[in-house]
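Since every read-out is calculated from the coordinates, none of them should be taken as a lab result. Model, not experiment: these values are computed from the prediction. Backbone-built Cβ (ideal geometry, glycine too); neighbour counts: all protein chains shown.
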Amino acid sequence: MLEGIVQNAPLLAIMLPLIAAPVAVLFGNKSVAFYISGATLVLSFALCVYMALLVSDGSILSYHIGGWAPPIGIEYRIDAANAMVMIIVSAMGALVLPYARASIEKEISPGHHTMFYACYMLCFTGLMGVAATGDAFNVFVFLEISSLSTYVLVAMGARQDKRALSAAYDYLILGTVGATFFVIGLGFLYIATGTLNMVDLADKLANSPDNKTIRAGFALIVIGMGLKLALFPLHRWLPGAYSYAPSAVSAFLASTATKVALYVVIRFTFSVYDASSGFERTTLEYIILPLAITAMFTASAVAIFQMNVKKLLAYSSVSQIGYMLLGLTYLNQTGVAASFIHMFNHAMTKGALFMAVGMVVWRTGSALLPSFAGIGRTMPWTAAAIVVAGLSLIGVPATAGFVSKWVLMAGAFERGWWPVSFAIVGSSVLAVIYVWRLVEVMYFQEPKATTKDPVREAPLAMLVPTWILILAIVWFGIAANAPVELARIAADGLLAGGFDNGQTVILGIPGR
Amino acid sequence: MIAPHILLLLCLAIPLVGFGWCWLFRNSPNMRDGGVFALALLLALAVISIFRAFNGGAEFDLVLVQFQPGLSLALNAEPLGIVFALVASTLWIATHVYGVGYMRGNNEKKQASFFSCFAFAIFATMGIAFSANLLTLFLFYELLTISTYPLVAHKETEEAQKGARVYLGILMGTSIVLFLPGVVWVYATAGTLDFVQGGILGPNVKPAFVGILLALFAFGVGKAAVMPFHRWLPAAMVAPTPVSALLHAVAVVKAGVFTILKLDVYIFGTDVLTKTGASQWLVWVAGGSIIIASLIAMSQDNLKRRLAYSTVSQLSYITLGVALANSLGVLGGGLHIVTHAFGKITLFMCAGAIYVATHKTEISQMRGLGRQMPITFTAFGIGALSIIGLPPLAGAWSKWELLLASASAGQWFAIAVLMISSLLNVAYLLPIVVRGFMPAPAGETLDDTVSGSGSGSRWAQVREAPVLCYLPPALTAFGCIVLFFYAGDIIGFMSPIVTESGR
């Protein structure tokens, strides 16, 4: 039994949530739906941790779906890079779920609760699948699973604020454009190489002469995924979607969705294409790098002037994505590792922030800055969570954010790009300003006198998951070795190029 | 005998316990304040034990977390840090006693959060003092900034909020934009951040690089208040006086200059600075800070602001000692950390005692108060004379050492700065004492705000502040005298940090 689970870990981590979604709907009871979802998420997380341990020696796990050997069959292919992304997704998925149960009580009409769990599980499945698969077209399939369910999840915020509908529609249009670009890019690749398996693609691309089809494919993939990951000028859908979605959805999406899209860009750039030279390298250095730095400053500057705190956090996300992209452009181990470390740390930080802000919205009914007045007194634990996570966003030592900033800066100095280091710290100062605007309102302004129930601390079901994240932020800010090591292994694997380092371990039954 | 590295952990743990203790007993003031007093005593005891163990040749190295070779969170004890920790921990006892008197005398609100943040700030200070590498130091440096922010903002008025904003903005801004890149750059260059006698940058380092790095640190360590990044210190004066006394005359500001001293001795290496001449420009900047801050101090009527600008000027003495780039300068700077701490904390505590007794903050209103509050004003006088640098007070020695250092470096500008600065000290500190002992202006009445007196009360009714408010400054003033006789021992204790490198 255990052997069977372990041998089929890559499949189970993704298929269990996929099965849980319709089962939850069939039962039609929201409590049953919650427990089914919760159990599968926890199991999924455990399997991801197990797989991360397996790949932490630099090997690659390969799983042949349905007994068909790649490149004919679909393959799940997991190295340190995907393992890290899968840990982020499954951990956040499992932590947000109990929070969501309490939070949707107020935010989503009771009739939709089972549907919420179903969509949540589908979204989760999609994100996990994108991260796990070694087949380029399978990436698209899972991406659509997650995207379609995300549109629904965002639209569920309509009970609180009707603007959720237009935000979901925006996201739908732009997300679909992105997905279309991506799939056209894949089409070009298929025309040029005749295969869709990533290992095979990498092989064929390396041996084929440079041609315009291949280049165009790369451009389409990067732009398509750029939309999904909110690469700076393509980020327009993000603030609306994050601010009007239900709080639990904002927390889950902000900490996972963009990271998974970024992972796809990284995987294609490094493992399928060859980032060490040629037009891929030019793209990174002359297009991604300036855009990343622009994002770091512009989005942070915009965040400073937001009155809606969820929007403030959303713009901050756009700028933080800039940091993650920045690390890639160094093309050295420290830089690429920094991208992964920042994905990990930022997932915790932004997840905690959206959850804490969600609690304030839950109590006060609004995400506008004035409704945060005085919560330092009325909701001390929530306010403290916002402060600690905010410090991590700034990158203060002893929080996770500092570790990623440190590695990112060290990578810049290694590369000899010291001005980039100063750009990093310059943008952190903008973070100080937008975080402190919030802190001052929370602690210096008198609580609003309301005629309704007085504002008090959020329920434990929401507080506990948030504080687990806060403690994780501090823990990984001090004992940062585990994620840093995993990220370095991931970076080594990516920088080596290709997706086959000769250390492939086949799990389950090898395909024929 | 407790193992050395346990002692180091105790130094961090005791204030941290204090932090939790204040929160735990937030509703029983006597239990809370008494407990913290006991912890302050324990901390001083622990630091003294470290001092004794160090003299006994104990090894302290304690690695908490190892990230990579050369990158770790680690603690260690060395003479400079021990001296700094001794000063901070002994003065915490005095300030805590004083703080209890002050906060209760003024009926301040939110005392529990005040004392717990205070304890946390001491924790961060101890961490700075016993850091074994630059990364650990940076960690505690930022923790100190964050933990003192609520203290500055304590009054929660508009003014306090503005002051706290300037405070955080400058301290955190400089540390993020200049200090942190400096630290990472050192790591990228040297591959380590450990404090090593004689520096870690290696022999072939370029003078221009050293100069840029020194600039990143001299301005990036905003707590050292080198102009133009000094504005946070006057802004921090909105805090209750115990905070100004211990944190903004001792712990926080000294953490800044202490960091610069550590960088000089253990990261750059004094020899490297001498050879490359990379610190020449800092002599001028520090000298300029000394003179300009003194001039601004003269024009301030608010007593605490005048003292704040005086602190800005005095801190640059220590930066100047580093800039001179010789062993005398480092030792003089190290000694000045001690002597100025005792002098300035006395002055601040007296200022607070005056405020508790009379609610007066402006110097122009203090005429004649000395006759009613003789102990407070005598202590103030002693502190002032020590800052000015008259024997037999402690301040005389550090100024003497710095003058010697300037002479041996051939820096006539530095000598001139020190002389002029002494005169300016006389000009802005002594009038306060003299005015205090002048006859009270006839027929004037006190403000109605004075506690315990109705309208029309006479000057004669002004009494000394509560005993908890005037006893601590009297003790620290006495300390200024005692230290005069032990200054040589402090120099002797610190001298290994400059001699072992072969000078």
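Per-peptide packing, taken as the mean over residues of other Cβ atoms within 10 Å, places A:276-287, B:371-382 in the sequence B:371-382, A:276-287 from highest down. Taken residue by residue and averaged, Cβ atoms of other chains lying within 10 Å of the Cβ of A:357-369 number 0.
Other residues within the sphere of radius under 14 Å centred on the Cβ of B:M349, judged by their own Cβ, net out at +1 (K and R +1, D and E -1).
Taking 0.36 nm per residue of sequence separation and removing the Cα-Cα distance, the A:K448/A:L165 pair yields an extension gain of 98.9 nm.
A simple spin-label model places the labels of A:I509 and B:M419 9.7 nm from each other, with each point 7 Å out along Cα-to-Cβ. Peptide A:477-489 shows a mean partner chain C-beta count of 2 within 10 Å per residue C-beta.
Computed over neighbours whose Cβ is under 15 Å from that of A:V439, the net charge equals +2, Lys and Arg +1, Asp and Glu -1. Counted by neighbouring Cβ atoms within 10 Å, the residues B:E59, A:E105 run from fewest to most as B:E59, A:E105. I'd like the FRET efficiency for A:R236 and A:N308, computed as 1/(1 + (r/R0)^6) with the beta carbon distance as r and R0 of 25 Å, rounded to 0.05. For A:R236 and A:N308, the calculated efficiency is 0.95. Each label point was placed 7 Å from the Cα along the Cα-to-Cβ direction; for B:A407 and B:I6 their separation is 4.9 nm. For the pair A:Y35 and B:N106, label points projected 7 Å from Cα toward Cβ lie 5.8 nm apart.
Look at the stretch B:173-186: the mean tally of other chain Cβ atoms within 10 Å of its residues' Cβ atoms is 5. Between B:V467 and B:A58, the FRET efficiency estimated from the beta carbon spacing at R0 = 41 angstrom works out to 0.55.
If I stretch the segment between B:S495 and B:W284 completely, what's the gain in nm (0.36 nm per residue apart, minus their alpha carbon distance), one decimal? Numbers along the way, then the final one.
Working: separation 211, 0.36 × 211 = 75.96 nm, distance 2.60 nm.
Taking 0.36 nm per residue and subtracting the Cα distance, the gain is 73.4 nm.
With R₀ set to 25 Å, the beta-carbon distance separating B:A208 from A:E285 gives a calculated FRET efficiency near 0.40.
Over all other residues within a Cβ to Cβ distance under 15 Å of B:L75, the charged ones net out to -3, with Lys and Arg as +1 and Asp and Glu as -1.
Considering only beta bridges that DSSP places wholly inside chain A, some 65 percent are antiparallel.
Listed peptides A:241-253, B:199-211, B:137-149 appear in the order A:241-253, B:137-149, B:199-211 once ranked by packing, highest mean of other Cβ atoms within 10 Å at the front.
Remark: A:D203, B:D301, B:D33 ranked as B:D301, A:D203, B:D33, counting other beta-carbon atoms within 10 Å and listing the fewest first. Computed extension gain for A:I184 through A:L368, at 0.36 nm per residue and net of the alpha carbon distance, reaches 62.2 nm.
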